Amino acid sequence: LQDYDLIIVGAGSGNMLPTAEIDGWRIAVVESDRFGGTCLNRGCIPSKMLVYAADVAENVRRAPRYGIGADVTGVDWPAIRERVFSRIDPLHDRAVDYRRRHGIDVFLGRARFVAPKVLSVDGAELRGERIVLAVGSRPSVPDIPGLDSISYHTSDTIMRVAEPPRSMLVVGGGYIAAEMSHVFGAFGTQITIVQRGDTLLAAHDGDIRQRFTELYARRFDVRLATTVERLEPASGGVVARLRSRRGELADVFADSVLIATGRVPNSDQLDVSAGGLAVDEHGHIRTDDTYATSVPGVWALGDTTNHFQLKHMANAETRLVRHNLLRPDAPRRARFEIVPAAVFADPQVASVGATEDQLRREGRHYVAAVQEYGDTAYGWALEDTTSFVKVLADPVSRTLLGAHILGPQAATLIQPLIQAMHLGNTVDQLARDVLYIHPALTEVVENALLALPS
Ligand SMILES: Cc1cc2nc3c(=O)[nH]c(=O)nc-3n(C[C@H](O)[C@H](O)[C@H](O)COP(=O)(O)OP(=O)(O)OC[C@H]3O[C@@H](n4cnc5c(N)ncnc54)[C@H](O)[C@@H]3O)c2cc1C
């Protein structure tokens with residue numbers, strides 16, 4: 001049995017925990033796959049690097065709109081893929097070396113609890129005075145008849161394919177489905193999206209969902225209110241039997257299938273019950289607002305404990321847990337109520353706070369305003385006819401309740417509104433006291449705020 005002051009399980013966000021402040025502790029990091037976790041190896045970073053290349057291709061296709069003659073004359077997928085992974089792939093070895101050189105024991109294996117605060121990794125037993133669980137999440141694979149008879153992709157594998165498929169059936173309508181459809185669609189793959197609900201991006205504000213779905217339906221074969229009933233191998237690919245809610249059946253052929261139907265926390269592979277840890281009905285490890293679990297000295301952070309599954313959330317939780325490891329007598333508490341998120345598709349979408357549907361459901365009073373990009377000077381420059389900013393505010397306190405943006409740079413444009421929600425600024429302060437650079441795209445945000453009924 002080896003004893004540690006701190007054992008970190010999962011070297012995604014978990015690997016950011018050790019800093020100079022905890023030098024001198026005996027630390028072990030356990031990682032079953034690659035240092036850097038999902039975000040670096042198969043999530044945010046490679047997907048956004050690919051999205052950028054896809055954006056370039058789509059912008060070239062749009063060039064004639066601005067009087068520029070241009071054509072996408074070729075897509076060199078191996079070069080696109082290598083740009084991404086030749087940068088990412090060496091980082092694992094470097095990170096392991098770095099930790100070992102700084103006196104941290106690295107175990108490259110899967111940890112599971114054998115007793116409270118005791119983990120087993122490939123036969124070794126490690127006991128931690130403190131343990132941080134940062135084991136993340138993985139793609140959830142639905143129980144579709146025939147799925148085990150075909151080979152299919154998830155976000156873990158699709159970004160590393162040898163060649164883009166000629167056609168791809170994308171099962172699911174969330175952000176991963178949206179981003180990967182954009183990427184491979186821009187590189188020439190024929191995309192069919194199968195979504196059980198009535199729109200794509202189901203968790204988003206109604207106006208966003210609606211506009212996004214319309215735009216995707218122009219670009220791709222989008223089958224809404226439809227499920228995959230069965231999958232079968234066929235020569236050169238797969239045949240999917242689709243069933244619409246009205247009972248219509250259709251057989252669709254595709255070279256490849258991407259399953260993008262959500263993610264599940266990896267806590268089930270940890271033997272949490274042997275560790276004495278409580279989990280919720282979705283398998284998230286339960287923590288209090290200091291991120292302490294039900295076992296004293298054991299913390300959890302990231303996708304394995306929160307249902308947002310966002311890297312900026314995991315980063316914030318990592319900072320909080322680091323503080324609490326060092327100052328258990330004066331812990332920081334947080335519930336992270338204002339959680340922004342973006343979809344890096346085409347169009348881009350960003351969102352923070354309540355949706356209009358949510359406010360209606362809760363019976364809350366609100367005022368709303370929508371401003372189209374096309375009604376501002378920069379929108380003219382972009383020749384934009386589809387993008388907009390929507391803001392929702394409390395009619396009495398005049399603070400923001402939510403903001404939703406669809407269009408170029410949405411994830412960047414929304415940031416001042418996130419700030420304002422945190423700082424409790426009123427929409428009138430934001431609209432009238434702040435100067436917005438003319439004629440920048442931020443004027444869309446200014447105009448949406450000005451358009452809020454008083
Ligand atoms: C395609 C895709 C795109 C994404 N894009 C974005 C984005 O644009 N913006 C954003 O904010 N978020 C994005 N995310 C989500 C983001 O990647 C996650 O929220 C983030 O990586 C969570 O960090 P984590 O540290 O909790 O888990 P992870 O990064 O998953 O790290 C967990 C680590 O634990 C290891 N592990 C698991 N079980 C064990 C075990 N028993 N023993 C030892 N090690 C174990 C895993 O191998 C992994 O390395 C995306 C995700 C995907 C899949």
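Bear in mind that the values in this text are calculations on the coordinates, not laboratory data. Being a predicted model, the structure only gives us computed values, none of them experimental. Cβ atoms come from the backbone with ideal geometry, glycine included; neighbour counts cover every protein chain shown.
Brief remarks on what is shown
- VAL75-PHE336 FRET efficiency (beta carbon distance; Förster radius 45 Å; 0.05 resolution): 0.70
- Relative contact order [Cα under 8 Å, 6+ residues apart], segment 204-333, whole percent: 12 percent
- Percent of Cα pairs exceeding the 18 Å cut-off, where the set is segment 310-419: 60 percent
- Alpha-carbon radius of gyration plus Dmax, which is the widest Cα pair, for the chain in Å: 23.7, 71
- Remark: TYR436, TYR216, TYR66 ranked as TYR66, TYR436, TYR216, counting other beta-carbon atoms within 10 Å and listing the fewest first.
- Taking the number of Cβ atoms within 10 Å of each Cβ as an exposure proxy, the fewest-first ranking of PHE187, PHE85, PHE388 is PHE85, PHE187, PHE388.
- Charge sum, other residues only, whose C-beta stays under 15 Å from ASP357's C-beta, Lys/Arg counted +1 and Asp/Glu -1: +1
- Set of lysines with alpha-carbon distance to LYS311 below 20 Å, sequence-local pairs under 8 removed: LYS48
- The chain - percent relative contact order, Cα under 8 Å, separation 6 or more: 14 percent
- The Kirkwood radius of segment 165-303, taken over pairs of alpha-carbon atoms, gives through the Stokes-Einstein law at 4 °C and 1.567 mPa s a diffusion coefficient of 75 µm² s⁻¹.
- Using the Cβ-Cβ distance between SER244 and GLU163 with R0 set to 25 Å, the FRET efficiency works out to roughly 0.20.
- Neighbour-count ranking [beta-carbon atoms within 10 angstrom, fewest first] of TYR373, TYR175: TYR175, TYR373
- The slack in the chain from LEU435 to ALA202, taken as 0.36 nm per residue of separation less the alpha-carbon distance, amounts to 80.4 nm.
- For the chain, calculated [θ]222 nm from helices alone, where every DSSP H run of n ≥ 4 adds -39500 (n - 2.57): -8000 deg cm²/dmol
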